[in-house]
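The values are calculated or read from the model by the stated rules, or taken from the named source; none is laboratory data. Source: prediction; values computed, not measured. Glycine also receives a Cβ, built like all others from the backbone with ideal geometry; neighbour counts cover every protein chain displayed. The area values use the complete protein model at the heavy-atom level, side chains included, leaving out ligands, DNA and RNA. Shrake-Rupley method; radii C 1.70, N 1.55, O 1.52, S 1.80 Å.
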Amino acid sequence: MSDRDPALSPRADALPPPGHHGPAGRTGIILAPAPALARLQIEARRPLGPDGEDNFAAAFGRPLPPVGRCADADGLTLVRLAPGRVIAEASDPDRLAALHPALAPLASLIDITDAHIRIRLDGPDVVDGLRRLVRLDLDLGAFPIGAVAMTGAHGVTVELRRLQATTFDIGYSRSMAAGEIALLVTLLAPFGLAVTA
Amino acid sequence: MTGHRLPAGGLVDRARPIPFRFDGRPLTGLAGDTLASALLANGVSVVGRSFKYHRPRGLLGAGQEEPNALMEIGTGARREPNVKATTVELHAGLEAASQNRWPSLRFDLMAVNGLMKPVFAAGFYYKTFMWPARFWETVYEPLIRRAAGLGRASGLPDPDRDAHATLHCDLLVVGAGPAGLMAALAAGRAGARVVLAEEDVRLGGRLLAEKVSLDDADGPAFAATVAAELAALPTVTVLTRTGVSSVHDGGLWLALERHAGPDGGPATAGPRHTLWTIVARRAVAAAGAVERPLVFAGNDRPGVMLAGAVSTYLHRHAVAAGRRAVVATATDAGWVLARDLLAAGVSVAAVVDTRQAAPTGFEAVAAATRVVTGAALAGTRGRPALTGVDVVADSRTIRLDADLLAVSGGFNPSIQLMSHLGDRPAYDPALGAYRMAGPVAGIRAAGAANGAYDLAACLRDGAAAAQAALADLGLTAALPDLPATDPTPVGAAAAYWTPKAPGKASAAFVDLQHDVTAADVTLAHQEGYRSAEHLKRYTTLGMATDQGRTATVDGLAIMAALTGRSLAETGAPIARPPVVPLPIGALAGPRRGAAFRPVRLTPVHGFAEERKAVFLDSGAWKRPQWYPLPGETDWLTTVNREVAAVRAGVGVTDVSTLGKIEIEGPDAGAFLDKVYANRPSRIPVGRSRYGLMLREDGFVLDDGTVTRFSETRFLASVSTAHAAAVYRHMLFCRQVLWPSLDVSVVAVSDAWAQLAIAGPLSPAVVAALLDDGRPITAETFPPMAAAELTVLGGVKARLAAVSFSGERAFELAVPASVGDRLIRQVMAVGAPHGIVAYGTEAMGVMRVEKGHPAAAELNGQTTAHDLGLHRLLARDKDHVGRVLSARPGLTDPGRPRLVGLKPVDPAARLRAGAHVIPAGASATAANDQGWISSAVWSPTLGHAIALAFVTHGPDRMGETVRAWDGIRGTDIPVVIVPPAFVDPEGARVRV
């Protein structure tokens, strides 16, 4: 788990160079790479019944967030995409390795650190901008802080996560990231987009 | 007045004149004008030529109902045809041109079509252009193509972008007239999420077009007050310049927003349009009502206009549509207009009412002008524009001089959107119009769209509709205090054309945009096309861009009279989306140019670009096809070099696009045994094996390799083209067919960069890459061996000795983020061995030389027996496709089976797709014995080779047949040979 070169975090080449796009003097949205984290896909190997769900949760050693939510604690973020599918993230890969003993009897733990390119969007116009990307209801009541969804963005699947009221992370499949982020820049430019390193 | 512009009033800014051009003629309008109002203000009476007969036409309406004023707007790449002048905001520099005329609007040669009216009657194309048959393609079709169509597309790439966006709301309100404003206000004050969509540039609807008073404020002032409150409500989104075009299942609406630049013209920075998808839990359709014209002989003469449109031009744009008006009406609304015209100083020659008596309350009008009741319009005079109107009353014909005839035949509630979900409107005799009986899928009509024409009723209806809609959602909305208004005169009587009407039926136009006359409707009845849907399609009535807003009901009424049925019995056709025109660019949205479809790049794409690789589109992937060196200008030279280099030395190619699926768990082996036709559970740890996967119907789905890294961990490598399909198939098997198995299936294709290093010198290159320095020999790492190890100083990697080329070869995978670093390291350590980068073309040549089937052979129509892989089919266990793959039809040796072909003449070139025909037989379907699936030039052998499927192929080795290509015109003698052309014993992989 600790064999990745931190100097080659999975954002190289997919992001446009730092700069400003759109109307001069206006910055409604800031696009930056999301922090590089080690990521594990934890897939329950059997359908979870009521007892199975308890056992699965217990194996994490802490409460699992509900489906469609993420939760942070002790340097470990758990993203619950489905009843039996959790993405575990940590800046310290060893933190993820520690999950193996308890979870291995129930689930497969697959390293997906390099499978995605993740970006962070911030700014007062982020919600208006994201309305041009995804079809989800982005009202705080419908997609609150901590919500996560796999959703369509102009024909490709992305992971959308709300960190704050106007802060979102978007995860793209690595192979599609360059093209889709270029499209995203075009979509967000009318709001005044600043791309930062 | 100056021209037709009134000296005062209107919502125009006289301090801001706006220059524009129409048919090259410079004109001036005012800020706040539409193109139509500006043309009227300048006294332009003829704005176009009709579709079929090229009759001169003037403005009829003031909005989307306009059938005549279709224009080309803009120039160059931004020229847009068929735009209604009534919907164009006037802006400086606007260039507008009339359509459908040659050489000019004033003198149009094609007006000769009018002389052929009897020939061009409804449905003429079902009865003509049939004889002689040879004329169809040579004479009739070219002529019809030249004559048909309306407007010209620019033919140039669209320089503008359009956006797509999504909004969610509790309540969508369509239309911001009085009913829509009250609906939005009631819902917004209740805290509901509201979207108010208004097609116009400002809110108000009819409040901007009529002289009304609401609590002592006039219409525009009241609308502005409500608009200000709506803008301040935090849960209300107001979209102006936004036309709602359609409604779909699940509360999904499409609406098109036009973005304007600072001068009101189309936006040139940012998107030109936004196509909104609005997800609404409930909706209020407050789109108003459209006035019906009167149908009579000569009703299409320029100068004949809808009374409501005249009112709009008068009140909103301060334009008198004429200097001397006749108002012909079946409604009280006509009298209101007459009163307003007189108040504005316009001469009113007469009010002609089809009813027997004038309505009460208009005595002052009656005193100021001539009144004729119980009248019918008999015709119009003037060329090309109106100069007089003929009226029949009491058996007398009255001739009136006028340059404006304002007509009002009644009102049709605008309910097109509500019929998009399949519900048909029903005729309401009390209202004299078609309307929806009740809510449709959560959509409520309100205001005039609901038949509430009185202003007070309209306001109340809008608020009530919102209240009811929110109640559906468990929300409570209070009714707002409604302003005090004067009662609106709403009296009306039916006034439809009948065969007894004076004047020729062929001169009484029902659908102005498609030149459909009362005579055409009569003809349709005569010929048996009597239902509403048949009438529409046979005559094309209602099928133009105005969707029959001013035509359909009149046409139905004529048909009802002819058939002796009521309008209720006749029914109405369903309106179909879009209700407002949608530019194709808006539908495409941001997916255009380089973003037309998603593009997938491998982790080593940058390396390939640096080396000037020529890329191939392989699905969404960009794959290097070959790597030309400086001086190489012919692709075949490059590919031959790459093949030779790999066969003699070593090469590296990017195979990151292969699908990679991790199968993990105690039952992983058992699961794979069910999915694959052979037996992956018997693969030892640290080994790979070729795998064959069947579909349920017994045909081959995919091939690939399965590698075992531990007792419970496997990696399936599947072909690029089938990666998604195989993954879906595996998920289906796991979740649906065998959910009790203790196994997981996870796709990790994008997580890994993968390189194939091939050639007799590949072991040395691979050995130099490994951190642990292990030797790579036929003994220590034989073909099909596999291992997890590290490279690049500690980076985890997966190595498998698999070959697609027939040479000793390896596939090395690392996490995608270090893929670029790996390939550069491979090139560095391979340099002393003369390593070359090679692309998919060379890969393809080598696999054909080796006889490996690929996508062209695994095309979904071939079986394991066809491919010569039937020995892989395990007989002692069940797997997907086992039963049906044993069908006699799939195992018949007479089926075309995989063989190799080589040309008798070594210089001949073979092509994929050619048919295999026996020597001496004619090239017919009966003699077709197979086809060539893959063909390449083999630099190794010095001639072309092919893989083909040939009937009884394996039993015909050495036989000479023909490769016949009827498309390219070749017929090449070939010899049937085994499919492995190079190293058939497989010795080269074992070095």
* Approximate spin-label separation B:Glu610-B:Tyr690, in nm, with each point projected 7 Å along Cα-to-Cβ -> 3.7
* To do: Count the net charge of all other residues whose Cβ sits under 14 Å from the Cβ of B:Val244, scoring Lys and Arg as +1 and Asp and Glu as -1.
  => -2
* Divide by every residue of chain A the summed helix terms, -39500 (n - 2.57) for each DSSP H run of at least 4, and state the resulting mean residue ellipticity at 222 nm, rounded to the nearest 500 deg cm²/dmol. => -5500 deg cm²/dmol
* Structure fact -> Expressed in nanometres to one decimal, the distance between label points 7 Å along Cα→Cβ at B:Leu156 and B:Gln861 is 4.6
* Structure fact -> Using alpha carbon centers only, the range B:918-957 is separated from the range B:145-188 by a whole-angstrom value of 57
* So if R0 is 45 Å, what FRET efficiency would B:Leu479 and A:Ala142 give, r being the distance between their Cβ atoms, rounded to the nearest 0.05? -> 0.95
* Quantify how strongly other chains surround peptide A:175-184 by giving the mean number of their Cβ atoms within 10 Å of each of its Cβ atoms. => 5
* To do: Enumerate the amide H contacts of B:Leu196 below 5 Å, restricted to partners 5 or more residues apart or on another chain; note that Pro and chain-start residues carry no placed amide H.
  => B:Val173, B:Thr237, B:Val238, B:Leu239
* **Percent of alpha-carbon pairs separated by more than 11 Å within the range B:841-883** => 72
* Once phi is turned into ³J(HN,Hα) by the Karplus curve 6.51 cos²θ - 1.76 cosθ + 1.60 with θ = phi - 60°, what whole-Hz value does each residue of the range B:945-951 show in order, with x for glycine and proline? -> 9, 8, 9, 8, 10, 10, 4
* Asked: In deg cm²/dmol, rounded to 500, what helix-only [θ] at 222 nm does chain B give when every DSSP H run of at least 4 residues adds -39500 (n - 2.57) and the total is split over its residues?
  -> -5500 deg cm²/dmol
* So for the protein assembly as shown, what are the equivalent ellipsoid semi-axes in whole Å, largest first, each being the square root of 5 times an eigenvalue of the Cα gyration tensor? -> 69, 38, 27
* Structure fact -> Bounding extents of the range B:496-580 in its principal axis frame from Cα atoms, largest first in Å, are 37, 26, 21
* Asked: What is the dipole size for the protein assembly as shown, taken about its Cα centre, with +1 at each Lys and Arg Cβ and -1 at each Asp and Glu Cβ, in debye to the nearest 20?
  -> 2140
* Taking the mean number of other Cβ atoms within 10 Å as a proxy for protection, how do you rank A:139-151, B:651-663 from highest to lowest? -> B:651-663, A:139-151
* Structure fact -> B:Ile584 and B:Thr960 label points (each 7 Å along its Cα→Cβ direction) are spaced in nm at 5.3
* Per residue convex hull volume, Cα atoms of chain B, in Å³ -> 231
* Would you give the gap between the C-alpha center of the range B:89-139 and the C-alpha center of the range B:253-308, rounded to a whole Å? => 27
* Asked: Applying 1/(1 + (r/R0)^6) with R0 = 35 Å to the Cβ-Cβ distance of B:Arg875 and B:Glu711, what FRET efficiency is obtained, to the nearest 0.05?
  -> 0.85
* Structure fact -> chain B: relative contact order from alpha carbon pairs under 8 Å, six or more residues apart, as a whole percent, is 9
* Asked: Residue separation times 0.36 nm, minus the C-alpha to C-alpha distance between B:Arg106 and B:Arg16: what's the value?
  -> 29.4 nm
* Structure fact -> Here the net charge surrounding B:Ala519, from other residues whose Cβ is less than 14 Å away from its Cβ (Lys, Arg +1; Asp, Glu -1), is -3
* Looking at chain B, which longest stretch skips every one of the chymotrypsin sites (Phe, Trp or Tyr not before Pro) that is in a DSSP loop with at most 12 other Cβ atoms within 10 Å, leaving the sites themselves out? -> B:108-595
* Please report, in Å, the Rg and the Dmax of the range B:893-986, where both are computed over Cα atoms only. => 12.2, 39
* For the range A:94-110, 3J(HN,Hα) per residue [Karplus equation, 6.51 cos²θ - 1.76 cosθ + 1.60, θ = phi - 60°, Hz, x = Gly/Pro] -> 5, 4, 6, 4, 5, 7, 4, x, 6, 8, 3, x, 10, 9, 9, 10, 10
* What whole number of Å gives the distance from the Cα centroid of the range B:526-588 to the Cα centroid of the range B:695-733? -> 54
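In cubic angstrom, how much convex hull volume per residue do the alpha carbon atoms of the range A:38-111 span? Show your work: numbers first, answer last.
Details: hull volume 5.5 nm³, N = 74.
Dividing the Cα hull volume of the range A:38-111 by its residue count gives 74 Å³.
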* Asked: Probe 1.4 Å, all protein chains in place: accessible area of A:Arg132 in Å², nearest 10?
  -> 40
* **Note, ³J(HN,Hα) from phi for the range B:85-92, Karplus 6.51, -1.76, 1.60, rounded to Hz, x at Gly and Pro** => 4, 6, 10, 9, 6, 5, 9, 4
* Compute the acute angle (0 to 90°) between the alpha-carbon long axis of helix B:455-472 and the principal axis of greatest extent of the alpha-carbon atoms of chain B; round to the nearest 10°. => 30
* Pull up all non-local amide H partners of A:Gly192: gap of 5 or more, or a different chain, and H-to-H distance under 5 Å with H placed in the peptide plane. => A:Gly28
* To do: Any lysines with Cα under 30 Å of the B:Lys52 Cα? List them, leaving off those in the same chain fewer than 8 positions away.
  => B:Lys84, B:Lys117, B:Lys127, B:Lys500, B:Lys504, B:Lys536
* Quick one: which residues, 5+ away or cross-chain, put their amide H under 5 Å from the amide H of B:Thr720? H built at 1.01 Å from N. => B:Gly659
* Can you give the average number of partner chain beta-carbon atoms within 10 Å of each beta-carbon in peptide B:793-802, as a whole number? -> 2
* Asked: So if R0 is 41 Å, what FRET efficiency would B:Asp215 and B:Arg537 give, r being the distance between their Cβ atoms, rounded to the nearest 0.05?
  -> 0.25
* Using only atoms on other chains, find how many Cβ atoms lie within 10 Å of each Cβ of peptide A:139-148 and report the average. => 1
* Structure fact -> Helix A:174-188 sits off the longest principal axis of the Cα atoms of chain A, rounded to the nearest 10 on a 0 to 90 degree scale, by 40
* Folded to 0 to 90 degrees: helix B:635-648 orientation relative to chain B principal axis, Cα -> 30
* Asked: By per-residue mean of other Cβ atoms within 10 Å, what is the highest-first order of A:71-82, B:348-359, A:166-177?
  -> A:166-177, B:348-359, A:71-82
